[in-house]
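Down below is the structure, laid out as structure tokens.
The values are calculated or read from the model by the stated rules, or taken from the named source; none is laboratory data. Note that the structure is a prediction, hence the values are computed from the model and not measured. Heads up, the Cβs are rebuilt from the backbone with ideal geometry, glycines too, and the neighbour counts pull from every protein chain shown. Just so you know, the surface numbers come from the protein's heavy atoms only, side chains and all, with ligands and any DNA or RNA stripped out. Shrake-Rupley method; radii C 1.70, N 1.55, O 1.52, S 1.80 Å.
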Amino acid sequence: MHLLLTPPSARMPAHTPLRRAAIDLIGRGFTVWELYIDVSRVLLALLELCCDADKLVPSMRYGLPLTPAADSCRTARHALTLIATARPAAFITTLAREVARYNTLQQNAQTLNVNLSNVVLHRAKTEILRCVELLIDKMHTEISDLLIEVMDIILHCVDPGHLKMKGLSDVFPAICRFNQVSHCPTTRRIAVGAKNGQVALYELRSSKCQLITAHGAAITALAFSPDGKFLVSYSCGENRLSFWQTSTGMFGLGNSQTKCTKSYSTSPVAEMSRLNPMRLAKLVWINNRTVTLMLSDGSETRFNV
């Protein structure tokens, strides 16, 4: 960790084989060192080395031998991948905490006279998204337990302007593999269902997030109605399906009020099918008032608001 974090000097230049060896060891032995190192500082330092990956990629891909900077970038990238896949929960929660800190800094940037464009979390957005996409692809089940933290990180990294014009499935398709995530372009809201039964409702217009205690067990699926007036949530652990109505003040100003308008008891799901929660259930709206609950056993049930 000392070798990774020491500022460049005449005695210890920025890109040396010794530094790269230290970075490689941190990545390979992260589960051993984790208790003894500052995980936030290590991740931010590795991301710092990957910030200019786009400029270095031609050298990394085609130019051999690699330049020292490209070699460090490649080693740091590999270490980040190893850390993320070895301890996905530590990786995601640490980054989510840093994103929350960055957002607080952003709100007070003028007062503190801070240039946020120099902050690592701002410059390393592409690399962070690469790691998140890799985790969704390789460790789907582990990431489903951390969906709210993952969404915090994604919304920090993607361009807000893109979500005005396109759906989340176009901007970052990987996250839409989860049935616990729904985006409504009409009202510019994203809903995320968590393992603890809460729903996080992101208001993209105001960059605010509201937490609703929706169920007493993990949320299996949720979906916005086509007009965005209703959100339906389903929990197979609770055998319950609920409709939520969200209203905001004029032009999206003021606090949003979310209330449960109707709840239904659903048929219990067989224990065997619960082994793969990703394919457990899907909610599909037929029109603005009717939704179909599709279960993995092929059964379909319709519910009206």
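If I go through segment 213-223 residue by residue, how many of them are part of a strand (DSSP E or B) and either touching a helix residue (DSSP H, G or I) at 6+ places or on another chain (Cβ under 6 Å) or open to solvent by less than 20 Å² (accessible area, probe 1.4 Å) (or both)?
In the first step, residues of segment 213-223 are kept if they are part of a strand (DSSP E or B); the result is 213, 221-223.
This time we only want the ones that are either touching a helix residue (DSSP H, G or I) at 6+ places or on another chain (Cβ under 6 Å) or open to solvent by less than 20 Å² (accessible area, probe 1.4 Å) (or both), so: 221-223.
Of the residues in segment 213-223, 3 are part of a strand (DSSP E or B) and either touching a helix residue (DSSP H, G or I) at 6+ places or on another chain (Cβ under 6 Å) or open to solvent by less than 20 Å² (accessible area, probe 1.4 Å) (or both).
Hey, could you check segment 138-167 for residues that are closer than 13 Å to residue 180 by Cα and assigned to a loop (DSSP other than H, G, I, E, B) and say which is least open to solvent (accessible area, probe 1.4 Å)? First the steps, then the outcome.
Our first condition is that a residue be closer than 13 Å to residue 180 by Cα; within segment 138-167, this holds for 140-141, 143-148, 150-151.
Subsequent filtering for residues that are assigned to a loop (DSSP other than H, G, I, E, B) retains 145-146.
Details: 145: 72, 146: 22 Å².
Out of the qualifying residues, it is 146.
For segment 68-103, which positions are among the aromatic types (Phe, Trp, Tyr) and open to solvent by less than 10 Å² (accessible area, probe 1.4 Å)?
Keep residues of segment 68-103 that are among the aromatic types (Phe, Trp, Tyr), which gives 91, 102.
Matches in segment 68-103: 91 only.
Being in a helix (DSSP H, G or I) and surrounded by 21 or more Cβ atoms within 10 Å (Cβ to Cβ) is the filter here; which residues of segment 122-134 pass it? If you could, list the steps in order and put the result at the bottom.
First, pick out the residues of segment 122-134 that are in a helix (DSSP H, G or I): 122-123, 125-134.
Selection gives 127, 128, 131, 132.
Quick check: anything in segment 104-113 touching a residue at least 24 places away in the same chain (Cβ under 8 Å) and either assigned to a helix (DSSP H, G or I) or open to solvent by less than 50 Å² (accessible area, probe 1.4 Å) (or both)?
Quick first cut of segment 104-113, residues touching a residue at least 24 places away in the same chain (Cβ under 8 Å) only: none.
No; the residues of segment 104-113 include none that is touching a residue at least 24 places away in the same chain (Cβ under 8 Å) and either assigned to a helix (DSSP H, G or I) or open to solvent by less than 50 Å² (accessible area, probe 1.4 Å) (or both).
Can you say whether residue 96 is under 25 Å from residue 30 (Cα atoms) and free of Cβ contacts under 8 Å to residues at least 24 places away in the same chain, as far as the supplied structure shows?
No.
Within segment 283-294, how many residues are over 17 Å from residue 181 (Cα atoms) and buried (at least 17 other Cβ atoms within 10 Å of the Cβ)?
Step one: filter segment 283-294 for residues over 17 Å from residue 181 (Cα atoms), giving 286-290.
After this cut, where a residue has to be buried (at least 17 other Cβ atoms within 10 Å of the Cβ) as well, the list is none.
Final tally of qualifying residues: 0.
What residue, of 180, 210, is surrounded by fewer than 19 Cβ atoms within 10 Å (Cβ to Cβ) and touching a residue at least 12 places away in the same chain (Cβ under 8 Å)?
Details: 180 fails: surrounded by fewer than 19 Cβ atoms within 10 Å (Cβ to Cβ).
After ruling out the rest, the residue left standing is 210.
Looking at (1) over 23 Å from residue 294 (Cα atoms); (2) of a type in the set (A, V, I, L, M, F, W, C); (3) open to solvent by less than 10 Å² (accessible area, probe 1.4 Å), can you tell me which one residue 174 breaks?
Looking at each condition in turn, residue 174 falls short on (1).
Are any residues in segment 6-40 part of a helix (DSSP H, G or I) and exposed (fewer than 13 other Cβ atoms within 10 Å of the Cβ), and if so, which ones? If you could, list the steps in order and put the result at the bottom.
Keep residues of segment 6-40 that are part of a helix (DSSP H, G or I), which gives 17-28, 30-36, 39-40.
17, 18, 21, 31, 32, 35, 36 - these are the residues of segment 6-40 that are part of a helix (DSSP H, G or I) and exposed (fewer than 13 other Cβ atoms within 10 Å of the Cβ).
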